[in-house]
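The values are calculated or read from the model by the stated rules, or taken from the named source; none is laboratory data. In this text, all values refer to a predicted model and were calculated from it rather than measured experimentally. Quick reminder, even Gly has a Cβ in these numbers, built from the backbone with ideal geometry, and neighbours come from all protein chains shown.
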Amino acid sequence: MSDAGSAVVQEDGATPPLLAVSGIEKFFPGVRALSNVSFEVAPGEVHALLGENGAGKSTLIKIISGVYQPDAGTINVDGQPFRFLSPDDARRAGIATIYQELLLFRDLSVAENVFMGHAPRRRGGWLDWKAMAARTEALLASLEITDLTPGRIVGSLSVGNRQRVEILRALSQDARLLIMDEPTAALTEYDVTRLFDLVRRLKSRGVGIIYISHRMDEIFQLADRVTVLRDGAHVGTRKVAETSSAELVQMMVGRQIESLFPKVDVPIGAPVLEVRDLVRRPLTKGISLTVRAGEIVGLAGLVGSGRSELAQTIFGATPAESGQILISGRSVEIRSPAAARALGIAYVPEDRAMQGLVRPMTVRENFSLASLGRVARFGFIDSAAEARMAEAGVNRFRVRTGSVEQVVGRLSGGNQQKIVLGKWLANEPKLLILDEPTRGIDVGAKAEIHRLMCQLAAQGLAILMISSELPEVLGMSDRVLVMREGRLAAEFARADATPEAVGAAMMGSQGADAGRAA
Amino acid sequence: MSTLAISPAQSGDGRALRWLASQEALLSFAIVLIAVLVGLYNPRFLATRNLTDIVLGNAYVAVAAIGMSLVIVSGNIDISVGSLIGVLATISGSLAVAGVPMVLVWLTPLVVGVLVMALQGAVVAYLRIPSIVVTLGMLSILKGGLISVTGGRWITDLPQAFHLADIELFGLLPMPVLIMVTATILAALWMRYSASGRAIYATGGNAEAARLCGVSPRRTVLMVFALHGLFAGIATLLFATQLKVIQSTVPPNLELTVITAAVVGGVSILGGVGTVIGSTLATILIAEIASALVFINVSPYWIHAVQGGLILVTVIADILRRRRRQVGG
Amino acid sequence: MAVLATEIRSSAPRWLIRHETLLAAILAVALAILCVFNENFLTIDNLLNQGRLMTEVGLLALPMTFIIITGGIDLSVGSIVGLCAIILGYSWKNLGFPLPLAVVFAVGVGGVAGFVNGLMITRVRVPPLIMTIATLALYRGLAEGISQARSVRNYPEWFFFLGQGEWLGVPMQLWILLAGIVAAGIVLDRTTFGRTLYAIGHNETAARFSGLPVDRTKLIIYTLSGLAAGVSAWVLVSRVTTTRSDMGTGYELDVIAAVVLGGTSIFGGVGTIWGTVIGLVMIQLLKNGLALTGVKGDATIIVIGAVLIASTLIASSLHGRREVAS
Amino acid sequence: ADKWDGADDLPTSPLSCDASPAAAAAAKPYDGGKVTGAADKAGKPITLVDVPKLIGIGYFNATTKGMQDAAKELGNVKVTTDGPTEAKIDEQIKFIDNYITRGVDGVLFAANDPVAIAPVLKKALSKGIHVVGYDANAQPDAREWFVNQAEFNGIAKAMIDAMAKEAGEDKGFAIVTSTFTTPNQARWIAEMSAYAAKCHPKLKWLETVEAQEDNVLSLNQATTLINKYGDKLAGLFGMTSVATPASAEAVTKARLCGKVAVVGLATPNAMKPYVNAGCVKSVVLWNPVDLGYAATYVMRAVVDGKLKPGATSVEAGKLGKLNVINGSEILLGSPFIFTKDNIKDFDF
Ligand SMILES: Nc1ncnc2c1ncn2[C@@H]1O[C@H](COP(=O)(O)OP(=O)(O)OP(=O)(O)O)[C@@H](O)[C@H]1O
Ligand SMILES: Nc1ncnc2c1ncn2[C@@H]1O[C@H](COP(=O)(O)OP(=O)(O)OP(=O)(O)O)[C@@H](O)[C@H]1O
Ligand SMILES: [Mg+2]
Ligand SMILES: [Mg+2]
């Protein structure tokens, strides 16, 4: 199949490919992450990488950008063979990378994060802070980002804004090959369109781009060619113009996916969660909403609109300052996640690695973390029961792991997300709050998670789903709530929730300068 | 001063304002406040003689704290510095008595300091042993080594020339103070305006990210420890040349004093945050407190309690200030 | 691949066992060598006596293991020992408490001292190292202030039973230490509390977001540390028959040395009580054995330092957990 | 200044103001401890261990030297010095304990705490190991004999008299000591206050500060005192061999030599620069080399059965006959005053 890919390039013409990798092999202790992967990127081409979670996409690009050394295979830039021993080597060769994991310096400013490692210098090699700030301003302008200043401490930024800083950093190197590993995972449609404009601009300047995403539509909007990986092997390369989403899914999953949004209507029960004038500064400014048993309520909004804050306030991580919360009609005081858990509230956070999982711990240990009480007697853990609980979860959610003794940190994104979900469901909650449940998750896993949500709803669970992915919100929700700048801006029944209407509500009247002035 | 003092995280504009919100400002304020209050109670406290003496007697702590700040900002810690200074003092003293040229007598501690610390840095960076373990081990190695070698013999009748600390420029500016100030300013400038300086913050803040930015955390840690050794060497000179006797034992609790100076100076023990101006101001503050308590006749029995209490207050004040900044976004 | 992934699995329990067995092996070898050189070394008498001398530090090492597993540290333990010793003597001599009450009171004060650490660390979020460096100075200062540099002496004979007496031929305080070890060991690897400690050490946020009582847990362990210091002070006073404000000076480093030597990671998330115990025994018996073999005190600390670094080196070369953890 | 009673509630016994000797206290019966089951090593070679308060300070280096001298003279004594690197009582206990297990014929000690050290010394006695103290005493029943370098009130008299002479009868003075809990220093200070009150009532006692055994801290503390009191301060006492040179240095640095008198306990080498510069006139000290020397001879005599309870004196080599005082102590002699003229004759 792979020669199909190279054939395409020949047609593309004389210029040697900007990047050509061939026969890449990569082993991790016990894992063959990549086996004989080859593909090429031409100047001015957007080349998408597609594959399930754990297929090896990130590993591949980490090899290209010098983070890992391949166990076999070659990397050519402009036909010249290269060996990248460090990310620095790759940078010098004109390769800039946006990594999947946000890798930032929390205590440093935006400007410094952007220019760390290649800061503008004055005579004598001293750093030029003025230039640094100025050039950051310029980049922000080019991305039309109005709610960030070079001086902001990154630690105080939202996930979305942190993602933008990553992008700025890659752009600041004005590279010839730009690698983006799921750059839009934490962005809303609005940011995505701005990013796309920029990518097209770079493209026209002859910059080559490797683009990884689990969002099929993005690939069709942006990419020229797409290479599909499955279990570390190179399945094939297609011209986007000549393929279909169905074919790609077939290639990466190895089976058909009937429907991405298998939403079924179930009888809606009594209110499980009622929130009245909930206030928690700076981002939650008087929210009132209701979620009923069996109901899936979608919560849409721009990055920084305060959805996670709302969720975390209901969950007690950032207790409310005023307002009222009722669970099953009973007014309650939630001052800590522990309290929330006791009330049958579950929260699947948006930041999987930081808030969702204890990565060095095993699947078993993570599964029982939110429901230790259930596997313990008088505070003593019954490890047999614990193992049983984990096994059950692994089977129920089809987690792809060798055993329950596997360290969670080494599972791929999708499987990690299933574990966070499973860990909470093990506690049999009444209310499930999902914050970006499918962020960075492949279509296969995504469909599974959506199916799961429907099952749970059918069993009478109340679900509040925060998502920045409009199709997901529209596809899965019985009702859609829209947040803007810490307030509820609008509410739509499933029927009249059209992309246009919801989108407009997210932007608000002022439209363009969206996002919270951070 | 303020240009250096503002935390590196902030861009040029509105420096003065930001500085007012900084740890350095808090410390300077505290220093002045105490001086004024104690001065009112006992004017002698404000005598230039006394004020310089306070700094003079603790310049070596400040210089050592500079190195310690580097180490802590890089996400490590060193508890061997006290013992090292003890060892270096003895070495330098013995050379002086042996009649070695002064230049060598003064240079050797710096060199040896760099070597010993670089060795520890290498173990921390390349063999990935937590710094607290390595330096804890080195602490007792140096401590025991010093005594078994010297048998605890004091070094006496040092040549007059040895006493660097007694030199006063233009008869008023004592050498130690001069060295302390220069070292602080140079270190501060270097940490803010040099790539390797920033690399320390990067490494301490997020080693993995640093690596991906082409900064080598390992080389940085090694460098930081080596520099720490250099400052320890300089500190030794200020420390040992004050008296005509060198006790060839390790100065009691010096490592804690130095670490305290660094953290009170606002260096975050979690790494990635802090300036050396802060640590120097903190040293002065702590020394000032110690002296002030004598001046205001605090019962000698309670002095240490009050001292500890004040340090605790400063630290907590700083944490609260920081937190307000964070939330304010 | 998922199948292949079977091989990479949590090396945690295995690795820890490996580390401890390794330590134990080193220990065994060291002891063997030492007892070749000195017949007085490997005698029940000497070993029990060493156990007696080890107790004060040992008691502190147990909660310290908990604390370091959560990624924290407590440098104030030595000072709390001093403070409690003084409180014990002072409340008995000057406040006229009956001695048993004085003991309880002293231990209680220790608990409060630890609680204050915990409170500041959890509520005000002062980093543990900073908080306890400050209280290291503060608590020692209080001890000096309260005692007015006076030592309290002339305790009744019965009071010395704990520190000098024996039961079934085993030093009294050793029973306490053994009980503590067993309890701590079970709590750490069998209970939800222990699991919570590891979770906090690896990822505090995730622990909190999983509804674990993070702050309460921390509060408890720092209080425990204080209480242990109180008991330790009681044992110490009863052994040396007097109270001085400088008691326990420098204990913190001995304790930390034993704990990290026992394989507890200063970065949190990794460690066991059994490791700590081996670490303790190793240091104590090395000191003792070397002394008996005619090695002088100064040379002994050199060896201890070297052993600390060396064994951590060997141990760390045996595992790659940190990489995955980060 | 605060009330000083040596922190141990023992009574003070100031000497008479003139040179007349202390009213000879009624000879107390032997109140030392008893060794049980000691092998008879009379005349046979013995091995001793010497556990000072801490190792690595000039003072105890000197006592060690004395012991080695004595051992060489006696020929049949082997003595090793070992001990903690800081003056920590529980460390010291562990050292002695280890040597008991290891098996020695005798223990020489200088106690960090007279009471705390008692149990382990008693253990030694019970195991047939002879115990002789020097420099810093333990509870009498915990050791057989104690070699007393000079009685507390003797030191106090010497120091206060010197200060009154150098600073002036009606001037103010301050004290730099190690810590308030160090027994010897505490006793001396107590006796000094008693004697001053009795014989130099006009001397003004301004303040006493702690400075550990740390010479830079001592320097800083002394400097602080000088700056605080200005010309109200006419004299400084150094209570340890660390504090005294540091105080002298402080005075020198402040260019107050001659204006602020420094009197204190110290070892000659450390003081030579200041004494020769005329900044310090008198350094009070017994000769610690002799102290160690005497201790060793006493131990030998005990082992040989020459020094039994009730004895009134003991032969101590070149030091000749030393007298037994209050029960079980051997007096080295009256304190020695180093001055510009004789200091060069000493090297320790
Ligand atoms: N450092 C590592 N050590 C061991 N195994 C690893 C390591 N990094 C990745 N792997 C394994 O290699 C395989 C590929 O991982 P990779 O992150 O490249 O997948 P991916 O395609 O990026 O998945 P996702 O779409 O979720 O990001 C996975 O099975 C993962 O478990
Ligand atoms: N100004 C801020 N200061 C500190 N943390 C913030 C700030 N804004 C957001 N966050 C954090 O970032 C996370 C994401 O919140 P965000 O700002 O993205 O709003 P949101 O509505 O949750 O948008 P999204 O869910 O798309 O991320 C939240 O967990 C919140 O704690
Ligand atoms: Mg990936
Ligand atoms: Mg969010």
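Tell me whether segment A:445-461 contains one or more residues that are within 16 Å of ligand 2 (Cβ to nearest atom) and either on the phi < 0 side of the Ramachandran plot or surrounded by fewer than 24 Cβ atoms within 10 Å (Cβ to Cβ) (or both).
No.
Filter segment B:159-169 down to residues that are under 26 Å from the mean Cα position of the chain (by Cα) and in a loop (DSSP other than H, G, I, E, B) and give me whichever is farthest from the other protein chains (Cβ to nearest Cβ).
As a first pass, look at segment B:159-169 and keep what is under 26 Å from the mean Cα position of the chain (by Cα): B:161-169.
Then keep just the ones that are in a loop (DSSP other than H, G, I, E, B); that gives B:163, B:167.
Numbers: B:His163: 10, B:Ile167: 12 Å.
Filtering segment B:159-169 for residues that are under 26 Å from the mean Cα position of the chain (by Cα) and in a loop (DSSP other than H, G, I, E, B), the one farthest from the other protein chains (Cβ to nearest Cβ) comes out as B:Ile167.
Restricting attention to segment C:257-292, and to residues there that are of a type in the set (A, V, I, L, M, F, W, C) and assigned to a loop (DSSP other than H, G, I, E, B), which single residue is nearest to the other protein chains (Cβ to nearest Cβ)?
It comes out as C:Ile266.
Show me the strands (runs of 3 or more DSSP E) found entirely inside segment D:290-340 where at least 2 residues are of a type outside the set (Phe, Trp, Tyr) and more than 30 Å from D:Pro273 (Cβ to Cβ).
Per the criteria, D:313-315, D:321-325, D:329-331.
Taking the criterion of being among the aromatic types (Phe, Trp, Tyr), in a strand (DSSP E or B), within 23 Å of the chain's Cα centre (by Cα) and surrounded by fewer than 22 Cβ atoms within 10 Å (Cβ to Cβ), would at least one residue in segment D:191-214 satisfy it?
Checked against the condition, which is being among the aromatic types (Phe, Trp, Tyr), in a strand (DSSP E or B), within 23 Å of the chain's Cα centre (by Cα) and surrounded by fewer than 22 Cβ atoms within 10 Å (Cβ to Cβ), segment D:191-214 yields at least one hit.
For residues in segment B:230-258 being part of a loop (DSSP other than H, G, I, E, B) and over 20 Å from B:Thr108 (Cβ atoms), which is farthest from the other protein chains (Cβ to nearest Cβ)?
B:Asn253
Answer yes or no: is there a residue in segment A:118-127 that is crowded, with 19+ Cβ neighbours inside 10 Å, within 12 Å of another protein chain (Cβ to nearest Cβ), more than 15 Å from ligand 2 (Cβ to nearest atom) and aromatic (Phe, Trp, Tyr).
The answer is no, given that none of the residues of segment A:118-127 is crowded, with 19+ Cβ neighbours inside 10 Å, within 12 Å of another protein chain (Cβ to nearest Cβ), more than 15 Å from ligand 2 (Cβ to nearest atom) and aromatic (Phe, Trp, Tyr).
Tell me the residue from D:Ile330, D:Ile343 that is β-branched (Val, Ile, Thr) and farther than 20 Å from D:Gly32 by Cα, please.
Among D:Ile330, D:Ile343, only D:Ile343 is β-branched (Val, Ile, Thr) and farther than 20 Å from D:Gly32 by Cα.
Any chance you could count how many residues in segment A:35-63 are within 12 Å of ligand 1 (Cβ to nearest atom) and closer than 23 Å to A:Val240 by Cβ?
So the answer is 12.
Confirm whether C:Phe193 is under 19 Å from C:Thr65 (Cβ atoms) and either in contact with a Cys (Cβ under 7 Å, 6 or more places away or on another chain) or within 10 Å of another protein chain (Cβ to nearest Cβ) (or both).
Considered against the rule, which asks whether it is under 19 Å from C:Thr65 (Cβ atoms) and either in contact with a Cys (Cβ under 7 Å, 6 or more places away or on another chain) or within 10 Å of another protein chain (Cβ to nearest Cβ) (or both), C:Phe193 comes out as yes.
Over 17 Å from A:Pro349 (Cβ atoms) and modelled with pLDDT of 90 or more: does that describe A:Ala392?
So A:Ala392 passes the test.
Let me confirm something: among A:Val420, A:Val407, which residue is within 16 Å of ligand 4 (Cβ to nearest atom) and under 23 Å from C:Thr192 (Cβ atoms)?
The unique qualifying residue is A:Val420.
Give the residue, chosen from A:Arg335, A:Arg359, A:Arg352, that is more than 8 Å from every other protein chain (Cβ to nearest Cβ), within 16 Å of ligand 1 (Cβ to nearest atom) and out of contact with any Leu (no Cβ under 7 Å at 6 or more places or on another chain).
A:Arg352
What are the residues in segment D:245-259 that are free of Cβ contacts under 8 Å to residues at least 40 places away in the same chain and not in a loop (DSSP other than H, G, I, E, B), if any?
Residues satisfying the conditions are D:Pro245, D:Ala248, D:Glu249, D:Ala250, D:Val251, D:Thr252, D:Lys253, D:Cys257.
Looking only at residues that are within 15 Å of ligand 1 (Cβ to nearest atom) and either touching an Asp or Glu at 6+ places or on another chain (Cβ under 9 Å) or part of a loop (DSSP other than H, G, I, E, B) (or both) in segment A:416-442, which one is nearest to A:Arg374 (Cα to Cα)?
Selected residue: A:Lys418.
Count, please, the residues in segment A:136-147 that happen to be within 12 Å of another protein chain (Cβ to nearest Cβ) and buried (at least 18 other Cβ atoms within 10 Å of the Cβ).
The total comes to 2.
Pull out all pairs, ordered by first then second residue, where Cβ-Cβ is under 9 Å, the residues are six or more apart or on different chains, the first lies in segment A:401-424 and is over 19 Å from C:His202 (Cα atoms) and within 9 Å of chain C (Cβ to nearest Cβ), and the second is in a loop (DSSP other than H, G, I, E, B) and within 16 Å of ligand 4 (Cβ to nearest atom).
none
In segment B:116-127, which residues are of a type outside the set (S, T, N, Q) and in contact with a helix residue (DSSP H, G or I) (Cβ under 7 Å, 6 or more places away or on another chain)?
B:Val116, B:Met117, B:Ala118, B:Gly121, B:Ala122, B:Val123, B:Val124, B:Ala125, B:Tyr126, B:Leu127
For B:Phe231, state whether it is out of contact with any strand residue (DSSP E or B) (no Cβ under 6 Å at 6 or more places or on another chain), surrounded by 24 or more Cβ atoms within 10 Å (Cβ to Cβ) and more than 16 Å from D:Leu217 (Cα to Cα).
Yes.
In this structure, does D:Gln185 turn out to be at positive phi and either within 14 Å of chain C (Cβ to nearest Cβ) or among the charged types (D, E, K, R) (or both)?
No: the conditions fail for D:Gln185.
Note down all Cβ pairs under 9 Å where the first residue falls in segment A:453-479 and is in the same structural domain as A:Leu299 (by TED's automatic domain parsing), the second is among the basic types (Lys, Arg) and within 16 Å of ligand 2 (Cβ to nearest atom), and they're at least six residues apart or on different chains.
Sorted first by the residue in segment A:453-479, then by its partner, the pairs are A:Ile466/A:Arg307; A:Ser467/A:Arg307; A:Ser467/A:Arg439; A:Ser468/A:Arg307; A:Ser468/A:Arg439; A:Glu469/A:Arg215; A:Glu469/A:Arg439; A:Pro471/A:Arg215.
Just for segment C:100-134: of the residues that are at the interface with chain B (Cβ under 7 Å from one of its Cβ atoms) and β-branched (Val, Ile, Thr), which one is nearest to D:Val115 (Cα to Cα)?
C:Ile133
Quick one: in segment A:83-114, which of the residues that are facing chain B (nearest Cβ under 8 Å) and part of a loop (DSSP other than H, G, I, E, B) is farthest from A:Thr149 (Cα to Cα)?
A:Ser86
Would you be able to tell me the number of residues in segment B:191-228 that are under 17 Å from A:Glu101 (Cβ atoms) and more than 11 Å from every other protein chain (Cβ to nearest Cβ)?
Going through segment B:191-228 one residue at a time, the tally reaches 1.
Tell me, yes or no, whether segment A:272-281 has at least one residue that is under 30 Å from A:Arg330 (Cβ atoms), among the charged types (D, E, K, R), within 16 Å of ligand 2 (Cβ to nearest atom) and surrounded by fewer than 18 Cβ atoms within 10 Å (Cβ to Cβ).
Looking for residues that are under 30 Å from A:Arg330 (Cβ atoms), among the charged types (D, E, K, R), within 16 Å of ligand 2 (Cβ to nearest atom) and surrounded by fewer than 18 Cβ atoms within 10 Å (Cβ to Cβ), one finds at least one in segment A:272-281, hence yes.
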